Each structure stands twice: as structure tokens, then as C-alpha cells.
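What follows is a set of notes on a single structure, which appears directly below.
Derivation of every value follows stated rules applied to the coordinates shown; laboratory data play no part. This is a predicted model, so every value here is computed, not measured. Every residue, glycine among them, receives a Cβ derived from its backbone with ideal geometry; neighbour counts consider all protein chains shown.
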Amino acid sequence: MCGHDCWRQAPLVHQRVGYLPGELAFPEGITGRAFLRLMAGMRGTRDEKRRDALLERFQLNPDIPIRKMSKGTKQKLAMVAAFMPDPAVYILDEPTSGLDPVMQKVFADLILEEKNRGKTVLMSSHSFREIEKTCDRIAIIKQGRLIAIEDIHTLQRKQRKIFEVTFGDEEAAKRAAANESFEPTRRGRTVDFVVQGDYNAFLDAIRRESVVNVSVHEQDLEDIFMDYYAGEGDVR
């Protein structure tokens, strides 16, 4: 890690890595400030200016006893502890668990700033909106095995569009839905079509019918992830 042996030079590695665990555990009977001082001492960092800036950014009062903190407040405290030493590498496990939408945005903005400063961020997350906002590459894990590593922009280009088409009558909808090239799903007069790239062929498939309304939305990354997860994938 960063040119250091993780076993023989563990203290140096700890100074270069900001770690946020998925399951939080804090010492009992202390305040948030005392916990941050403890962590700073263990890592040999005393940058109180950065610590205070993070506390303000996450709207966190560190003088509250940890035992009285809510789950979201504890998550913010752990996040401040991870970012406080200004490490070269971040390892973050479900970092926004328990955070409200405002704090989730604060976190995403901070990650983007750290990336622009040249930091490396390894993040485990089930929030696909969070992944889209912050990540450059995505690794997909199935049953404990790595099945794909994709550039985020490559995945976004693979997004398929879902066209929701309402026809003039059910017979027209049935005829249009008979074309299985676009994975049709019919609900009365309305049919959902899944289209990727070949829009002219799709338009040809429905142009002979009476169309009342068309709406469209793109798959999100969760849909794409499920496509990978449903298949076997190449284990890496």
C-alpha cells in the first residue's frame, strides 16, 4: 500500500489510509471530540484545522457523548475520523448509511474534491445514485466473486431506454406487443418497449399503429447491475 509493506510497516500504512467500516464500533464513555483526539494520536496527525472544517461541513457537534448520538451522527463522526488525517487512499464501506439526503450530497461533494486532489477512493455501496455521482469504475461482485469491472461511462452508454407507448385501442397494443424484438410488456393499451441504439427499427415497429402517447426513461445503474447479476458473467 503506497509502497509500504502492510504487515511490516502497518503504522505507516495506517497513516496513509482513511478507513470507514460498514459496522461502527466506538469506545464507551467518551465524547466525539475525545474519540477524534484518540484517532489523531494513534495516526500521528494533529491537523485540527482540517478536523474542524470537516466537523463544520458535516454539521457535527463533537462534544456530545457518543452513546447519545443517533446512527446518522455516529456515521458522520466515523466519516470525519476517516477523512481527518488527509490520507492518500480511502476505503469506505457503505459510507452514506444512515445519512439524510443533505449529508449524502455533502459526502458526494467531498469525494469529488478528494478525487480532484489525486486521492484514491475504494468504496463499497448499494446506492446506485451515489455510485453514478462519485465513481470512475465499478466492480460487480456476485457470490463473493468479481464478475466484471467496467468504466462508469461505458456502463452509462449501455443504458437502454424504456419507451412507454399508449395506443389508440387494445388491439393495436396487442399487434405492437407481438414484436418481441424490444422485450414488450403490455398493460391494456400501454406497452413498454426496451430499446438500445436501433431507434429506427423501433419506430418502424410501431408507426403503423395509432399512437396516443409516448414517454421514455433510461435504465439506471441498478437495472444494468441486475442484468449482470442475472447472467453468469466472467469471474475475475
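Computed values, structure above
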quantity: Whole-angstrom gap from the stretch 178-207 to the stretch 53-103, using each part's C-alpha centre; calculated: 47
quantity: In degrees, nearest ten, helix 71-83 long axis to first principal axis of the chain (Cα); calculated: 70
quantity: Rounded, prolate or oblate (a/c below 1.5 giving rounded, otherwise prolate when a/b exceeds b/c) for the stretch 10-135 by Cα gyration tensor; calculated: oblate
quantity: Projected-area average for the stretch 92-148 over all orientations - Cα convex hull basis, square nanometres; calculated: 4.2
quantity: Pair-distance profile P(r), taking every C-alpha pair of the chain, with 10 angstrom steps and integer %; calculated: 7, 24, 24, 18, 13, 9, 5, 0
quantity: Percent RCO, i.e. relative contact order, over the stretch 160-218, from Cα pairs under 8 Å lying at least 6 residues apart; calculated: 51
quantity: Reachable lysines, given that their alpha-carbon falls under 30 Å from the alpha-carbon of Lys49 and they are not under 8 places away in the same chain; calculated: Lys68, Lys71, Lys74, Lys76, Lys105, Lys115, Lys119, Lys133
quantity: Convex hull volume per residue for the stretch 160-205, taking Cα atoms only, in Å³; calculated: 58
quantity: Point-charge dipole on Cβ atoms (K/R +1, D/E -1) for the stretch 10-135, about Cα centre, debye to 20; calculated: 240
quantity: Over the chain, relative contact order from alpha-carbon pairs under 8 Å, at least 6 apart, %; calculated: 16
quantity: DSSP-loop chymotrypsin sites (Phe, Trp or Tyr not before Pro) across the stretch 1-68, with at most 12 other Cβ within 10 angstrom; calculated: Trp7
quantity: Selection from Gln59, Leu112, Gly98 lying farthest towards where the dipole of the stretch 10-135 points positive, charges on Cβ; calculated: Gln59
quantity: Neighbour net charge for Lys49 - beta-carbon separation under 14 angstrom, K R +1, D E -1; calculated: -1
quantity: Relative contact order for the stretch 10-135, counting Cα pairs under 8 Å that sit 6 or more residues apart, in percent; calculated: 31
quantity: Estimated 222 nm signal from helices in the chain, with DSSP H stretches of n ≥ 4 weighted -39500 (n - 2.57), rounded to 500; calculated: -12000 deg cm²/dmol
quantity: Gln9-Glu23 pseudo-label distance in nm [points 7 Å out on the Cα-to-Cβ vector]; calculated: 3.2
quantity: Segment Asn116-Asp169, length gained on full extension (0.36 nm per residue, minus Cα span); calculated: 13.7 nm
quantity: Rounded to the nearest 20 debye, dipole of the chain from Cβ charges on Lys, Arg, Asp, Glu; calculated: 1020
